[in-house]
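First the structure, in the form of structure tokens, and then the observations on it.
Coordinate-derived values only; no laboratory data. These figures come from a predicted structure and were not determined experimentally. Please note: Cβ atoms are built from the backbone with ideal geometry, for glycine as well, and neighbour counts cover all protein chains shown.
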Amino acid sequence: MQTEFGRDARSDHRSSSALTTTAVQKAGTRIIDLRSDTVTRPTAAMRAIIASAPVGDDLYREDPTVLELEAYCATLFGKDAAIFMPTGTMSNQIALRCHIEPGGEAILDASYHIHFFESAQSACLAGVALNCCPTVDGVLTVDDVEKAWLRKPRGSGYAVPRLLCIENTVNAAGGRIFPLTTIRELRCFADQRKVTIHMDGARLWNACVATSITPAEYCRDVDTVSVCMAKGLGAPAGSVLAGSADVIQTARRYRKWYGGSMHQSGILAAAALFGLRNHRTRLADDHANARTLAAGLARLTEPAIAISTVETNMVMLDVAPFGMSAAVFAERARAENLLVMPWLSTVVRMVTHLDVDRADVEEALRRLERVITAASQAT
Ligand SMILES: *Cc1c(COP(=O)(O)O)cnc(C)c1O
């Protein structure tokens, strides 16, 4: 469901993409990049909005576009306040720092971004001990948290759990939607145990479009939420952290400490606002494209990949049956001008986004078929 504006902008963007180094044409075939939804480039319409954005120095809270984005997001999430950040990683890290004094503990799934990609930062910058627990498909339940709580000695000499972290959608679980009912159960637990909840909602937009649950409903039972603007929404950079007035005031102080305080950042906030207003409902296209990709792969592969696990814009493919590692699979796909991401040693991740349409997905399937057929002939 693409807006006319979005579609025009996109074809315009396409025709100019031949000039960019990321879209080098090899042997007459365009590179199709399914590594991540972060690879999207700003459309012509987004660039026009960026060019005309009113700006000021955000250090003095004088950038009207940043103020507009922060107010827009606070309302959208039903929170007192929001703060614009350069990256999702910084939003998560500052959330940890705000919720937990160094030496405290956060309970989460090991596959979440905060652990999988940010364990060093969490230890060094926030001074937080991450207590990781195994979960089913990345959905952290009260039972998982209770077990993680009891797995270690508790008392004044030891780490005290202060925070529960959840992720929505769950990246490592192939873009799985975190169930709202589970969030409500976690809230009751958190209130009893006097801990807080942070939701890493880098792809919350996808969960909202797939379920018709509003961002505010998803955020009602969490203390803070972080979101990314540079993924499905197509902005060049930026993230927002939202929460209570107190927490966001503290976050403002840490953003300065961490070197994330910017000046005429309205340039970036304008792109984020444009993405929020024009590229949210079209995420349904990405979800349909991911299902098409999964269905096509299911026809090509034995055993078939489970299409039911494709809830949003990602497809995880187990390449072990083809007798190769994820790295080798990705290399062979690259030779076909198709970029995929080796996620685990034998799992490849493919993500649909603003810069790939239905025809690209069909072409990607033809290229995947060549990689898979060559592999099965070799074995
Ligand atoms: C992308 C992502 C982030 C943060 O990413 P940045 O590249 O730092 O903006 C955080 N959490 C999840 C789940 C993500 O997918």
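For this structure, a couple of remarks:
- Modelled spin-label separation between Arg358 and Gln192, with each label point placed 7 Å from Cα along the Cα-to-Cβ direction: 4.9 nm.
- Remark: C-alpha extents of the range 221-379 on the principal axes read 60, 32, 30 Å, sorted largest to smallest.
- A simple spin-label model places pseudo-atoms 7 Å from Cα toward Cβ; at Ala123 and Asp80 they are separated by 3.4 nm.
- With 0.36 nm allotted per residue and the present C-alpha distance subtracted, the Arg277-Arg61 stretch has 75.5 nm of extension available.
- Anisotropy class of the range 152-191 from Cα gyration tensor, a/c 1.5 cut: oblate
- Only the Cβ atoms of Lys and Arg (+1) and of Asp and Glu (-1) were treated as charged; on that basis the dipole of the chain about its Cα centre amounts to roughly 380 debye.
- Measuring max minus min along each principal axis, the C-alpha atoms of the range 85-159 give extents of 36, 33, 17 Å (largest first).
- Quotient of C-alpha Rg and 2.2 N^0.38 Å, computed over the range 195-275: 1.15
- Across the range 293-298, coupling constants 3J(HN,Hα) worked out from phi with the 6.51/-1.76/1.60 Karplus curve, θ = phi - 60°, read 4, 5, 5, x, 5, 4 Hz, and Gly and Pro carry x.
- As a calculated quantity, the FRET efficiency between Thr38 and Arg370 at R0 = 25 Å, using C-beta atoms, amounts to about 0.40.
- For the chain, built as a Gaussian network whose Cα springs stay under 10 Å, the top-fluctuating residue of Leu283, Leu164, Leu150: Leu150
- Pair Lys256, Ser52: separation of 7 Å Cα→Cβ label points (nm): 3.5
- The relative contact order of the range 103-256 comes to 18 percent, based on Cα pairs under 8 Å that sit 6 or more residues apart.
- Short to long, the 10 Å bins of the Cα pair-distance histogram for the range 83-218 hold 12, 45, 36, 6, 0 percent of all pairs.
- Mean separation of Cα contacts under 8 Å, 6 or more apart, over the residue count of the chain: relative contact order %: 23
- Debye log10 I(q)/I(0) for the range 81-122, one point scatterer per Cα, at q = 0.16, 0.23, 0.28, 0.30 Å⁻¹: -0.42, -0.83, -1.11, -1.19
- Gyration tensor (alpha-carbon) shape descriptor, the chain, a/c threshold 1.5: oblate
- Among the listed pairs Lys147/Lys256; Lys147/Lys231; Lys147/Lys194, those with a Cα-Cα distance over 26 Å are Lys147/Lys256; Lys147/Lys231.
- For the range 331-379: rounded, prolate or oblate by the Cα gyration tensor [a/c cutoff 1.5]: oblate
- Using just its DSSP H runs of length 4 or more, each adding -39500 (n - 2.57), the chain gives a mean residue ellipticity at 222 nm of -13500 deg cm²/dmol after division by all residues.
- If R0 is 41 Å, the Cβ-Cβ spacing of Thr87 and Gln377 corresponds to a FRET efficiency of close to 0.40.
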